[in-house]
Amino acid sequence: MSPSQTNSVSKAATNDNQAPSLARIPEYISLTKWEDTGFEWQGEVDPTSFERLATSLTDEHQQANLPLHTHLYRRNNVLHLSFETKGEVWLPCQRCLQPVATALTDDYDIALLDDESQASSMDEEQDYLLLEEIVDNQTPERLLPLKKLIEDELLLKMPLAPKHDDCEMSVEQFGEIPEEEESENPFAALSALKGKL
């Protein structure tokens, strides 16, 4: 297998055959070219470069780049896309609205199946996708949407309602809170009658 620096995406897939250190993850990779020999890419990625992920991030804290290592390989005649990332992103806390760090560090592995019959050979915990549902067949090359698949997995890792472990709900008070008038206990009259009956 070629080292990650020599593996590049075909020109039909992208015009950016740049070194990974420039943090430009390929949008697509050509399965026609790489599914048998394998493909690797590594570098640091700005989390705001993922469009859907960027909508969840807070603007009130600097987002650090995420180190990312991707690997397309074949095992037991099944194509796999694995990637590893370390780091965190900052999201708005759903209680106090202040930034809260959310870890995205994990190893991800997705089996890319040619057809549904291959699913029976997968472990129960193995994530898999059908290639016919994700590969763009409109071009002469079969293009795998690498960046979109990675973004999908990162979005699944994020909590639905991020919040600090110890924060209060952000509440703004307008005007004065009226004092409650002490109301008479409705049972007080009954207890007064109790001795008289």
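The values are calculated or read from the model by the stated rules, or taken from the named source; none is laboratory data. From a predicted model like this one, the values you see are computed outputs, not experimental measurements. Positions of Cβ are generated from backbone atoms using ideal geometry, with glycine treated the same way; all protein chains shown enter the neighbour counts.
Per-structure values
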read-out	value
Hits in the stretch 1-21 (condition: surrounded by fewer than 16 Cβ atoms within 10 Å (Cβ to Cβ), in contact with a strand residue (DSSP E or B) (Cβ under 7 Å, 6 or more places away or on another chain) and either at pLDDT 90 or above or hydrophobic (A, V, I, L, M, F, W, C) (or both))	Ala12
Top-ranked residue in the stretch 100-140 [being under 24 Å from Ser56 (Cβ atoms), out of contact with any helix residue (DSSP H, G or I) (no Cβ under 8 Å at 6 or more places or on another chain) and of a type in the set (Ser, Thr, Tyr); ranked as surrounded by the most Cβ atoms within 10 Å (Cβ to Cβ)]	Thr102
Residue in the stretch 62-71 that is closer than 23 Å to Pro92 by Cα, among the hydrophobic types (A, V, I, L, M, F, W, C) and touching a residue at least 60 places away in the same chain (Cβ under 8 Å) present	no
All positions within the stretch 30-55 that are of a type in the set (A, V, I, L, M, F, W, C), in a helix (DSSP H, G or I) and touching a residue at least 24 places away in the same chain (Cβ under 8 Å)	Leu31, Trp34, Leu53
From the options Leu79, Leu91, residue that is touching a helix residue (DSSP H, G or I) at 6+ places or on another chain (Cβ under 8 Å), assigned to a strand (DSSP E or B) and modelled with pLDDT of 90 or more	Leu79
Top-ranked residue of the stretch 64-78 - restricted to ones that are more than 14 Å from Tyr108 (Cα to Cα) and not polar (S, T, N, Q), ranked as surrounded by the most Cβ atoms within 10 Å (Cβ to Cβ)	Leu66
